[in-house]
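Below is one structure; the comments refer to it alone.
What follows draws every value from the coordinates through simple rules; no lab data is involved. Because the structure is a prediction, the values reported are computed rather than measured. Reconstructed Cβ throughout: ideal geometry from the backbone, glycine too, with neighbour counts over all protein chains shown.
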Amino acid sequence: MSNFEELMDSLTRTLRGEEARKAVERPLPTPFSFKWHPVIGCRMNVGAVCANCRARKESWEEFQKSTAGYWVAKPTEVTFHDSQLMEPIRYRKPMDIEVAPLSDLFQPDVSDDMRHKILSVMKNAPQHRFFIQTKNPAFMKHYFKTRTKLEWPLPNVWVGTSVEDQASYNARVPHLLGVPAQHYFLVFEPLLGPIAPEMIQLDTFDRLWPFRQFVQAYEYMDEQGQRHWSSLDAEPLMRTPRIEWILIGGNRGENARPPHPSWVRKILRQATDEGIPVWYSGFGEYAQISNPDLQNDETLIFVSPRGEYRGRGAGSATNLLSATVDGETSEIMTRKTVPARRLLLDGKHYLERAPLPALITPEMDSVQALAARLKSRV
Ligand code: SF4
């Protein structure tokens, strides 16, 4: 057991009442320092992931309570909030800002005019970094290539897409890498199935290695039907943009299903090999457990590497199930845990923020200007 786990165990064993409540409610670390809501609501439907969308359910209710000023009737109504538009400009201290986390800027209900206003604020707040995430990177690419009226790309804007399984990974990542931008990030949340992140076979027959930043060109098929690509060491292969940051996490809510740790490990290993920092925001509602209480814990869930769920937490009548089925051993997880434990993968945290903060301020906009300022202080 790691030091952190031991500490959490002793905390939960020794703290009682108010003290225990405070320890459990202490805010968890978050990858962004500010959530900006110029647009709220989403009418997109890109599959099962939208049916259990946090923006439409738990967070939505929580958000309504805390923001009585700009309540909207339904989570599927898309509304633009003028009162929020200028928020980032008010803060001089540099922040990492998550843009419209309860919406999607590239859904059809958001007009080009709205997008233009939001992007103009980003342009005029160069002290911050803005992170725009979409499930519609095909339209994001189209918008930035042909429709934006702004000088683009902006150095302080990161573009990203979120994927939940192999199909969405294969479909969205090639579009993301086609968006003209200076910085790219990738979000595996909620992770709903195993993903082989190494290579994507494109419709053109070319092969894309998203973490290694290149496309290998398809050349021909021989008489035996064997495909051939340009050799891996032949330079130059076609370069793709670099993914600079990866976020991984499970889904939340009543029907949440945690990812199997092997799915997370696989992405983490690939990212580490390529030197890409990772923020792991945990198993959603669950945590790994080494000594499950099979008799009494009604929240236990057995997750197989293939994504099958058993145990009382998944609706089985009993927890007294074999952890190994068809040669595959399930991970056993529980909801009965302190929130900080949910962030641990195999007893460790992976909380790396987006790298190389862009220390660009209105007065400090070039290397020469920065050098001159530093020199003047000597
Ligand atoms: S915010 Fe994302 S997950 Fe939620 S409904 Fe829209 S596209 Fe789907």
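Specify whether the C-alpha gyration tensor of segment 116-264 places it in the rounded, prolate or oblate class, a ≥ b ≥ c being the square roots of the eigenvalues: rounded for a/c under 1.5, otherwise prolate if a/b is larger than b/c and oblate if not. Here segment 116-264 falls in the oblate category.
Quote to one decimal, in nm, the extra length available between Ser322 and Thr30 on full extension: 0.36 nm per residue of separation minus the C-alpha distance between them. Let's see the in-between values first.
On the way: separation 292, 0.36 × 292 = 105.12 nm, distance 3.63 nm.
Additional length available on full extension: 101.5 nm.
Taking a Cβ cut-off of under 12 Å around Arg147, the surrounding Lys, Arg, Asp and Glu residues balance to a net charge of +2, with basic ones at +1 and acidic ones at -1. With the convex hull of the Cα atoms taken as the outline of segment 290-336, the averaged projected area works out to 3.1 nm². Simple point charges give the picture: +1 on the Cβ of Lys and Arg, -1 on the Cβ of Asp and Glu, and for segment 290-336 a dipole about the Cα centre of about 140 debye.
A straight chain from Thr272 to Asp203 at 0.36 nm per residue would run longer than the Cα-Cα distance by 22.0 nm. The alpha carbon centroids of segment 258-315 and segment 144-202 are separated by 24 Å.
Sorted from largest to smallest, which semi-axis lengths in Å does the alpha carbon gyration tensor of segment 221-321 give for its equivalent ellipsoid, taking the root of 5 times each eigenvalue? Show your work: numbers first, answer last.
Details: eigenvalues 323, 73, 24 Å².
Ellipsoid semi-axes (Å, largest first): 40, 19, 11.
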